[in-house]
Number of protein chains: 2
Amino acid sequence: MGFFIDPCLIRALFALCILSIIFATSSSSAAAAGAKTRHFKWEVEYMHWSPDGLESVVMGINGQFPGPTIRARAGDTVHVELTNKLHTEGVVIHWHGIRQIGTPWADGTASISQCAINPGETFVYRFKVDRAGTYFYHGHYGMQRSAGLYGSLIVDVAEGEKEPFHYDGEFNILLSDWWHKSSHEQEVDLSSNPMRWIGEPQTLLINGRGQFNCSLAARFSSSSAARECRLRGNEQYAPHILRVQPNKTYRLRIASSTALASSTWFTTLFRSWPLGQKIGIGMLIKTGHAVDSFWRKHKLVVVEADGNYLRPVSVDNIDIYSGESYSVLFTTNQDPSNNYWLSINVRGREPKTPPGLTILNYRPTSASRLPNSPPPVSPRWDDYGSSKAFSNKILALTGTPKPPTTSDRRIVLLNTQNFIDGHTKWAINNVSLVLPPTPYLGSIRFGLSNVFDQKRPPDNFKHDYDVMRPAPNQNTTSGNGVYVLRFNTTIDVILQNANALRANVSEIHPWHLHGHDFWILGYGEGKFTESDVQKFNLKNPPYRNTAVIFPYGWTALRFVADNPGVWATATSSPICIWGWESFSRKAFDA
Amino acid sequence: MGFFIDPCLIRALFALCILSIIFATSSSSAAAAGAKTRHFKWEVEYMHWSPDGLESVVMGINGQFPGPTIRARAGDTVHVELTNKLHTEGVVIHWHGIRQIGTPWADGTASISQCAINPGETFVYRFKVDRAGTYFYHGHYGMQRSAGLYGSLIVDVAEGEKEPFHYDGEFNILLSDWWHKSSHEQEVDLSSNPMRWIGEPQTLLINGRGQFNCSLAARFSSSSAARECRLRGNEQYAPHILRVQPNKTYRLRIASSTALASSTWFTTLFRSWPLGQKIGIGMLIKTGHAVDSFWRKHKLVVVEADGNYLRPVSVDNIDIYSGESYSVLFTTNQDPSNNYWLSINVRGREPKTPPGLTILNYRPTSASRLPNSPPPVSPRWDDYGSSKAFSNKILALTGTPKPPTTSDRRIVLLNTQNFIDGHTKWAINNVSLVLPPTPYLGSIRFGLSNVFDQKRPPDNFKHDYDVMRPAPNQNTTSGNGVYVLRFNTTIDVILQNANALRANVSEIHPWHLHGHDFWILGYGEGKFTESDVQKFNLKNPPYRNTAVIFPYGWTALRFVADNPGVWATATSSPICIWGWESFSRKAFDA
């Protein structure tokens, strides 16, 4: 008989290590001038809820859906004591966009930074929010994000500091998508052989609220089937109304937690959005009226993305992909006797989901007075030209750190859809990630060599691979190796899109990096070539944690591997550790 | 801030301990003469399945539902290498009726004998099946039994040995109940405030097969709504036909895994069936025809219960409660040109679920030829007189070990239904069990005193409690203390039924003890009194692991605490350890 190592052992040792470091961290952070520790005590459990009027089961925190908003100031320490009140499921929470500098164990990625918190257990996430910005948090285990485990995390500037723009008030908008099929059943569907596609979401949610089988704008619809929503306003699915005073400037903080998180397609470092799946629901946000193009006058000035200031840019609408966040300013300079739509449409996928709607309510006009013309109309879902134009407008504010002018290493990551034994999987450079039960961070910290593949994943794909066509052999293999990066080196990552399984299909797809931001040096068409380096924007590339790849295109990122840890990243791709050796040596040598 | 102990640590230490003992055990068991080790490699995962014609998600093992049957001989070692292929849920498997002598860590009870096996992990269950009999296994975590995690475990007599009865062939029948609502949603319903009752099961399953929305016996129904099942015979929900030759004697092994396992009501020592819930679905089994009372001629001779031989008793039908098993012999002495029904009806609850049916097929008659008259009719669901009469007929075969004539300690366990903060709970002696995340077995083995209540639960309830009426105060508290029993002492347990929350409601309810069998010394009406001791049957009480309590009645059990460990038992009641001190001391002193 074989010998079965119990991962609990490793987990325990690791937990010990984490605890001791957490305590060390807490004392040092308490010393930061003016900074506070923000304490939260959360219980995660399933509950009945009606996100869109149809009662379902959602994953809530302290009886709320979405979870409570965390609000802190830059420099504060966030201390979340999370108790798992689920019956049989583990849980973790990832603090999306928080770089966890020096606290890789608090990143909240199951099998990467920690073991899932088991039922009945309590785990403390304690980390510093070092930088003002618009963030959010969400479950990072199985499909728990799809089940509704998410909420907002807003970091204000430190006391006495100022944002580089003015506003009189603000709103916080967290976007998500909702399926009526339970996340458990979605998970079984997606991991079936053959895969059963779960279809498009039934409803788009704004702050956890949407309307299914009725519309706020039914009266403007030519369809006789459109039913007006009858809302008293206190229902769980009544829209979150944005109440404004005329002639003021407001900051709209928007983050997108749209889902499709399947552990089948679960991934790491540069985790794709949706989780390991290449389909991101893009959203187009507008406010105003359709008929008189009023929204053109409600100009949106984009000033922040993923916690980094942008060169202010005025647009009519924004595209936001899963995992991204933006701050936009708008001025309430319209007729105050009217109300206005804020509408959300699906981008990049043929929309079978009605727009998400809420209302910009000019006080003292009644909030129940609907806008007097239809909601804004979105460009065609596949109008990638306008999406690319928007992405190219997003540039860093002067003063943002610039990227190093050269890199030490380039990793090209080819995104493909494949099969393993009939199961549909996503692969990176032809390897589909299967996470090991023992977290990488602990395995590496304690030098356990039998927990994951010791062979490093490839830095590139076959040079003759045709990204414009389905692969001749669509089968792939699984693995869980790790990219090891040297501490303080500069890494270029080229995200290379390709044709999916079917001919003439290539999908828009956002990627997210944990523990770091990266500069987006550029987007390109077709296969990336050496000459594309010349086109890199080294002057004012946006500094972000999430980037999109367009169909049949590539996106070039650069980052400095300066935060020791193991960090989640790409679709079915291996994970990354850098400086870990030196970090752990330091820990022992000290 | 508080200090949060990580249960993983304990788990790891515990795992180490278990591993070392397992290896010691395996070498010793291998030495047993003629005995074999039966190896099984199992993967647990959710899959699409149609247990009753309606596609649902079930928890399967190696792609099978119910799980594979384990077949071994007395004295063999069963070695199950269980890999958890679920995405976010832990899993354990309890080997119901196997006493786990010397292997308390293999009992498969989450939070009691082990931590749940986490996703991706493999755990080895290795234990000796010391005694021939009809057993089964099932999930023992949350509502995973309701999700379909169960299968048969049959132990034949050791090579060269004989059963004390003759038969020519045998059939194995595992009974269960099926809801169309997912077990996850049932769990949320049951733990809601106020509780949402999940209602009666949609279908009764025989070997995982039932028929919903159609009936094998529709042609005999007077209802025009009855629809004949159109089956080719290879569907997942086609009945499991029992094919017999005329004039032979068959052994029918029957076990009941009917469900309702809610961790809300999760329990320990003498775990109740359904898990911590006081509602057991009793089953009445008959074979034959209704019209000509043919089943009267297919006499059922009961010869085994829960792995113990019985004084053979001839009956027309048997009552079987969740957690029980029986072997019955029947002789195929009927007209061989006909086929016969085997029918299962709900007992003890007003039946809203149609009977479960299958066919006794006399070869060479075609199996597709339906019996020529309707299925047997069950007595009224609340005809407790006939149920009690059946239970009183179940007596031990001469030669079965007799109970000690006196006991060293008596524990009276009052079963009540209560509220905690509006949640419906079951309580024992007014304490409702909440399992600690760290398993008792490890906590006690390593002397951890902060993991569960160190205060012992009460051995009795208030003497003036009126079991015939709802409690004046229906609120209760939770706890997780432990009954500590001295090694080799004789314990009497009086299971005292009472009125449930509503007036004039008291329900039938089976209890199961882990790690031991007990003698059922008697059943009585009303509140147990000292004088009832005189009525105890010390001559030939049946030796079993599961016993029923009847409405407003009591059941008296006696057992010898001779198997060191921590063992699951009653509804919301604490657990039991005995001899543990001496056991662990021995382990350390050796």
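The table for this structure:
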item	result
Estimated dipole of segment B:412-514 in Debye, rounded to 20 [Cβ of Lys and Arg +1, of Asp and Glu -1, Cα centre]	180 debye
Amide N proximity, segment B:448-466 versus B:S478 label position 7 Å along Cα-to-Cβ, cut-off under 18 Å	B:450-455, B:457
Per-residue average of Cβ from other chains inside 10 Å of A:179-191	4
Cα pair distances of segment A:297-412 binned at 5 Å [whole percent]	2, 9, 15, 18, 18, 15, 11, 6, 3, 2, 1, 1
Amide H partners (placed H, <5 Å) of B:H516, local residues excluded	none
Chain lengthening between A:D562 and A:F487 when straightened (0.36 nm per residue, less Cα-Cα)	26.4 nm
Long-range Cα-Cα pairs in segment B:161-236 (distance over 13 Å), rounded percent	78 percent
Neighbour net charge for B:T398 - beta-carbon separation under 13 angstrom, K R +1, D E -1	+3
Segment A:53-180, Cα convex hull volume normalised per residue, Å³	124 Å³
Sparsely packed trypsin sites (Lys or Arg not before Pro) within segment A:150-198, loop by DSSP, other Cβ within 10 Å at most 11	A:K162
For segment A:125-273, projected area of the alpha-carbon convex hull averaged over all directions, nm²	13.4 nm²
Inter-label distance, nm, simple model (7 Å from Cα along the C-beta direction), B:S222/B:E170	4.2 nm
Full-stretch length increase - A:K535, A:Q454 - with 0.36 nm per residue and alpha-carbon distance subtracted	25.6 nm
For B:433-441, mean number of other protein chain Cβ atoms within 10 Å	2
Relative contact order of segment B:64-128, pairs being alpha-carbon contacts under 8 Å that are 6 or more residues apart, as %	44 percent
Gain upon complete extension [A:I101, A:H240; 0.36 nm per residue less C-alpha separation]	46.6 nm
Square roots of five times the Cα gyration tensor eigenvalues for segment B:130-201, Å	38, 13, 9
Label 7 Å beyond Cα on the Cβ vector: B:G399 copy-to-copy distances, nm	9.4
Projected label distance in nm at B:E350 and A:D383, using a 7 Å step from Cα toward the beta-carbon	6.1 nm
Approximate shape of segment A:387-491 as ellipsoid semi-axes (Cα gyration tensor, √5λ), whole Å, largest first	29, 24, 13
Per-residue average of Cβ from other chains inside 10 Å of B:112-123	5
Per DSSP, loop GluC sites (Glu not before Pro) in segment B:157-252 with at most 14 further Cβ within 10 Å	B:E159, B:E161, B:E235
For segment B:472-485, 3J(HN,Hα) per residue [Karplus equation, 6.51 cos²θ - 1.76 cosθ + 1.60, θ = phi - 60°, Hz, x = Gly/Pro]	x, 10, 8, 7, 9, 10, 9, x, 8, x, 10, 7, 9, 10
Exam field: A:T365 pseudo-label spacings to other copies (7 Å along Cα-Cβ), nanometres	8.0
Segment A:103-160, Cα convex hull volume normalised per residue, Å³	103 Å³
Theoretical FRET efficiency, 1/(1+(r/R0)^6), r = Cβ-Cβ of B:R230 and B:T37, R0 51 Å, to 0.05	0.65
Rg ratio (alpha-carbon, reference 2.2 N^0.38 Å) - segment B:478-545	1.32
Alpha carbon centroid spacing (whole Å) that separates segment B:378-421 from segment A:536-551	72 Å
Selection of trypsin sites (Lys or Arg not before Pro), segment A:305-413, meeting DSSP coil and at most 15 other Cβ within 10 Å	A:K352, A:R369, A:R380
Pairwise FRET efficiency - A:K299 versus A:R71, Cβ, R0 = 22 Å, nearest 0.05	0.20
Label distances, nm, A:P472 versus same residue in remaining copies, Cβ-directed 7 Å point	8.7
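None of the figures in this text is laboratory data; all of them are computed from the coordinates on show. Predicted model only: the values in this text are computed from it and were never measured. Don't worry about glycine lacking a Cβ; one is built from the backbone with ideal geometry, like all the others, and counts go over all protein chains shown.
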